[in-house]
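What follows is a short report on a single structure.
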Amino acid sequence: MSEMAQTQNPSEKSGAPKSDGSRADARALDRTIVLVGLMGAGKSCIGRRLAGRLGVPFIDADAEIEQAAGCSIGEIFQKYGEPYFRDGERRVMTRLLHGTPSILAAGGGAFMDPDTRALIRERAVSVWLKADLDTLSQRTRGRTHRPLLNGNDPREVLARLIDARYPVYAQSDIAVETGHDNPTVTCVRVLAALEDFLGAPLSTKD
């Protein structure tokens with residue numbers, strides 16, 4: 001349990017020339033893609049599809065935290081509190097960001113940490129999956145494994161989180177509106193946004 005003790009400027013990050021849209025110059029993903037967003041934004045669902053398309057691993061940061069801690073996130077919150085969880089989250093994110101390229105679904109609060117955010121900017125590409133309140137409320141309704149929503153009015157909590165976190169999420173390299181599109185359609189849109197940001201098509205398993 002040691003670990004638990006709107007595209008910006010692509011040239012600054014990739015240095016890659018603008019692609020002409022041809023797949024002939026397709027390249028393998030050479031850095032981790034971090035999916036950012038609130039619970040219910042579709043990070044895991046879309047992330048798995050994107051990882052399959054790109055032929056890289058999908059990693060759920062929350063699952064990694066649970067494995068490191070030997071208990072669920074809900075239990076961590078209950079036994080040790082949120083500050084303890086955030087410290088462990090920071091450690092796990094640091095380890096994952098120093099790993100091989102992958103699609104990494106970050107917890108909703110991970111990008112709020114300034115150190116984690118700086119490391120993501122240095123070593124990865126961040127993609128904000130932006131969803132409105134109605135969408136998030138619908139997708140999280142009845143789920144009991146999200147500590148921040150348990151025992152409270154979920155819609156009210158989500159509204160507060162939107163107000164607090166969306167201005168920070170807006171610092172992501174890329175923003176993609178998830179809306180009511182199905183995950184496959186959203187995955188295609190995320191892939192297109194990534195290729196536009198990187199300036200070249202990515203090798204896919206199609």
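Of these, Asp181, Asp163, which one is farther than 28 Å from Ile76 by Cα and acidic (Asp, Glu)? Please lay out each step first, then the result.
Values: Asp163 fails: farther than 28 Å from Ile76 by Cα.
So the residue among Asp181, Asp163 that is farther than 28 Å from Ile76 by Cα and acidic (Asp, Glu) is Asp181.
Has region 82-92 got at least one residue that is modelled with pLDDT of 95 or more and of a type in the set (A, V, I, L, M)?
Looking through region 82-92, at least one residue is modelled with pLDDT of 95 or more and of a type in the set (A, V, I, L, M).
May I ask you to list pairs of residues, at least six apart or on different chains, whose Cβ atoms are under 9 Å apart, with the first in region 132-144 being at positive phi and the second being in a helix (DSSP H, G or I) and modelled with pLDDT under 80?
none
The values are calculated or read from the model by the stated rules, or taken from the named source; none is laboratory data. Nothing here was measured: the structure is a model prediction, and the numbers come from that model. Quick reminder, even Gly has a Cβ in these numbers, built from the backbone with ideal geometry, and neighbours come from all protein chains shown.
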